[in-house]
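Chemist: Take this structure first; my questions come after.
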Amino acid sequence: MRFSLKDQPIFLLLTGVLALSMMIPAGHALALRDHAVARSFFYTGLLALALTFLIALARGSRPPRKYKQDLGALQALLAAFVLLPVMLAVPFHDALRTTTFLNAYFEMVSSFTTTGATLFTPDRLPPTLHLWRAQVGWMGGLLVWVAAAAVLAPLSLGGFEVTSAVAERDARTRLDRFERAGTVRRTLTIAGRLTPIYVGLTGALWMFLLILGDRPLTALCHAMSTMATSGISPVGGTQYAGSGIGGEMVIFLFMVFALSRMTFSTDTSNSRQAIWRDPEFRMGIALVIVVPLLMFIRHWVAAFEVNAAEEFGVGIRALWGGFFTTLSFLTTTGFESAEWDTAQAWSGLGTPGMILMGLAMVGGGVATTAGGVKLLRVFALYLAGLRELERLVHPHSISGAGAMNRRMRRHGAFQAWIFFMLFAMTLAAATALLALLGSTFEDAMALAIAALTTTGPIMRLAAEAPIDLAALGDASKYVLCVVMILGRLELVAIIALLNPDLWRD
């Protein structure tokens with residue numbers, strides 16, 4: 001019986017791709033002569049590939065079921081983030097052998113959603129498992145890239161509702177065109193366009209980090225984690241890497257790709273405008289400049305009071321630490337600069353973690369691997385607030401901001417406000433539930449923000465004291481898994497699955 005890829009469900013294709021990817025850590029472990037770990041990945045990948053092939057062969061070229069393809073695509077995304085980590089956790093659990101399957105599942109959900117939170121210290125995991133964590137996060141980031149253009153953009157979800165047309169007829173036209181094109185065919189086309197860019201950028205960053213002095217595994221994991229904004233590191237962060245500040249500067253340049261989708265693709269853009277005119281990019285750069293400068297001035301005043309203002313070099317290093325860490329948390333990557341603590345030592349003042357949590361909640365660009373509320377929604381709320389202030393002064397004034405900004409200010413701001421309220425309610429519910437399960441209020445809030453914004457390092461850096469995830473109970477880990485999935489898919493997309501109109505033929 002013959003079958004074609006375009007006739008298979010998206011979930012089955014993702015299963016096959018992830019199963020095939022297990023051969024990479026299997027080969028890595030074999031090169032290190034770690035045969036037990038190599039067998040875990042090889043046999044699991046081989047078994048998953050065989051089952052995927054048999055299911056595809058049994059389905060043949062059968063046409064898809066006659067339900068709406070937009071519903072099927074959203075179902076596939078939800079199932080991917082909930083069920084596929086079970087398969088990904090099998091070789092991790094079998095190779096480590098000193099942890100529970102729940103911990104392995106938590107680790108894979110954290111990696112696949114690009115959160116990057118971990119239950120293990122770097123020295124507990126063998127090198128191949130560090131590679132597997134970074135690779136899973138990298139593949140999760142690629143899935144977000146492709147799904148944003150192939151699924152969320154045509155459905156006006158994932159931040160695209162802010163710039164979508166107001167007229168329901170226009171939205172229906174886009175959906176009809178999407179359904180005629182076919183979900184799988186559209187996904188394969190988008191993946192064929194974006195995957196070479198994603199792989200090429202990762203490879204370029206890897207080579208730069210190697211040249212600057214990182215070890216091959218460290219450079220590869222940091223390159224994949226930067227492009228996926230997962231913040232996964234085999235050495236505990238970029239501050240412990242051999243590339244030093246030079247490596248941080250290179251990573252800084254590549255993190256800019258998470259500020260706006262227009263830095264790497266125009267498939268999901270409604271207008272062909274230059275990158276420097278993109279509101280997401282401009283707002284992101286403004287935050288990266290303003291926030292570190294304010295912290296620098298605060299530290300400079302404190303240092304001046306203790307007669308340390310003449311240490312100009314220390315101040316410059318502290319300023320760089322602010323720039324790098326601000327962009328890292330704004331893009332929800334979570335890497336900490338080696339100079340981030342220099343500001344505290346220089347001025348004697350602590351750097352508040354609330355700033356890092358606030359940056360992560362703002363988030364990066366729409367259709368990027370970053371999490372959070374997203375810069376485009378914040379910009380829409382800014383336009384609406386600015387217009388309201390103008391009307392307070394001139395009640396009968398007419399805005400001249402342009403058709404695009406007027407549409408974003410009216411329809412887009414309403415959609416952005418709805419999402420912000422859902423985000424706030426989800427954050428409050430997650431915080432209350434984690435506190436009910438035994439965490440302190442401060443730790444519960446840090447855990448909820450880290451999971452909902454997919455910025456795992458918040459649990460270590462932004463809390464008053466680093467949170468020991470391994471000490472959490474099983475119920476808390478389940479809650480964090482659910483919140484991480486909600487943060488990655490966004491609650492609006494999951495609510496769309498509850499719409500009864502989508503289930504009607």
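Chemist: Cβ neighbours within 10 Å, averaged per peptide: list 433-443, 107-117 in order, most packed at the top. Let's see the in-between values first.
Modeler: Numbers: 433-443: 16.6, 107-117: 29.2.
Peptide ranking by packing, descending: 107-117, 433-443.
Chemist: Okay, next question. Could you list which residues have their amide H under 5 Å from that of T115, counting only those 5 or more apart in sequence or on another chain, with H placed in the peptide plane?
Modeler: none
Chemist: How big is the range 69-255 on each of its three principal axes, counting only the C-alpha atoms and giving the largest first in Å?
Modeler: 56, 39, 25
Chemist: Taking 0.36 nm per intervening residue step and subtracting the Cα-Cα distance, what contour gain separates A58 from L46 on full extension? Each step should come with its number before you reach the end.
Modeler: Working: separation 12, 0.36 × 12 = 4.32 nm, distance 1.83 nm.
Full-extension gain reported as 2.5 nm.
Chemist: Hey, rough spin-label estimate for A429 and R193, points 7 angstrom out along Cα→Cβ, what's it come to in nanometres?
Modeler: My value for the distance between the label points is 3.5 nm.
Chemist: Within 10 Å, count the other beta carbons around each residue, average over each peptide in 313-324, 138-149, and list them highest first.
Modeler: So the peptides 313-324, 138-149, ranked by packing, come out 138-149, 313-324.
Chemist: Sort the following peptides by mean Cβ neighbour count (other Cβ atoms within 10 Å, averaged over residues), highest first: 30-37, 374-381.
Modeler: The peptides rank, most packed first, as 374-381, 30-37.
Values quoted throughout were computed directly from the atomic coordinates according to the rules given, and no laboratory measurement underlies them. Note that this is a predicted model, so its numbers are computed, not measured. Neighbour counts are summed over all protein chains in view; Cβ atoms, including those assigned to glycine, are modelled from backbone coordinates with ideal geometry.
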